[in-house]
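Report on the structure given below.
The values are calculated or read from the model by the stated rules, or taken from the named source; none is laboratory data. It should be emphasised that the depicted structure is a prediction, and the values quoted were computed from it without experimental measurement. Glycine gets a Cβ as well: all are built from the backbone with ideal geometry, and neighbour counts include every protein chain shown. Calculation scope for accessible area: heavy atoms of the full protein, side chains included, ligands and nucleic acids excluded. Shrake-Rupley method; radii C 1.70, N 1.55, O 1.52, S 1.80 Å.
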Amino acid sequence: LLLALLLYRPGLTLTEQQADLVRARVRRDAAQTTVAQMRQLRDKLQVALQNGEQFAQEYFQARSSGFSAILTDLERRASESNLNPGGITYRLEEPPEQPGWTSVEVTLTVEGEYPDLLRFIHQLEQSDLFWIINSLTVAGETGRELRMSLEMQTYLVSS
C-alpha cells in the first residue's frame, strides 16, 4: 500500500503515469550508459598512466642520479667527437604543470672541426638521454676551429 501511495501521483492519468515511467527508464538507461563509459575511460586512463610511467623510466634519468649521467653523457660524446669542451652551465626548473618532472636546461660550448660538430649532434640524437636542442649557433674564422654553442633541455623524473 505504501509503495502504491509513493508511485501514485494524484491528478495524473494512467497514460501520463506510463509516460513518466518511460521517461524515468530512458533517464536510467542513459545514466547506466554514462557510468559504463566512465568506467571504460577510467580503465583507459589507468593504462595510459602506466604507459607514461614506463616511458619515463625507460627514457629519462632519475633526479637522484641524473646530473652525473648528463655530465658523463655530454663529456663522453664531446670526447668521441674530438671536440674541446669550452664550458657548460645547468639550470633547473620544476614546472608546476608537470609535477614529478624536473626540466634541466643545459648550455654547452664546444670547439672543433665542422665534421666533428656534426658527429656530436648526431650522437646527441642517438643518446639514451632525451635531448631537446632549443638553439644552436656556430661561429669561427677561416682556417680555425669552429665554436658551437648549444642550448639544450632534458628532463629528470622523481626517483
Stretch GLU151-SER64 to full length: gain in nm at 0.36 nm per residue minus the Cα-Cα span?
29.0 nm
Give me the one-decimal nm value for the distance between modelled label points at ALA19 and LYS44, 7 Å along each residue's Cα-to-Cβ direction.
3.8 nm
What's the extension gain from GLU113 to ILE132 if we count 0.36 nm per residue and subtract their Cα-Cα distance?
4.6 nm
Among the GluC sites (Glu not before Pro) within region 13-107, which fall in a DSSP loop and have no more than 10 other Cβ atoms within 10 Å of their own Cβ?
GLU97
Mind putting together the pair-distance distribution for region 108-159? All Cα pairs, 10 Å bins, whole percent per bin, short to long.
22, 49, 21, 7, 1
Suppose all protein chains stay in the model; what accessible area per residue would a 1.4 Å probe give for the chain, in Å²?
72 Å²
Using only Cα atoms, what is the ratio of the radius of gyration of region 56-123 to 2.2 N^0.38 Å?
1.27
Between ARG144 and ASP29, 0.36 nm times their residue separation minus their Cα-Cα distance comes to what?
33.7 nm
Output the Kirkwood hydrodynamic radius of the chain, Cα pairs only, in Å rounded to one decimal.
20.8 Å
Of all stretches in the chain that avoid chymotrypsin sites (Phe, Trp or Tyr not before Pro) placed in a DSSP loop and having at most 15 other Cβ atoms within 10 Å, the longest is 9-129
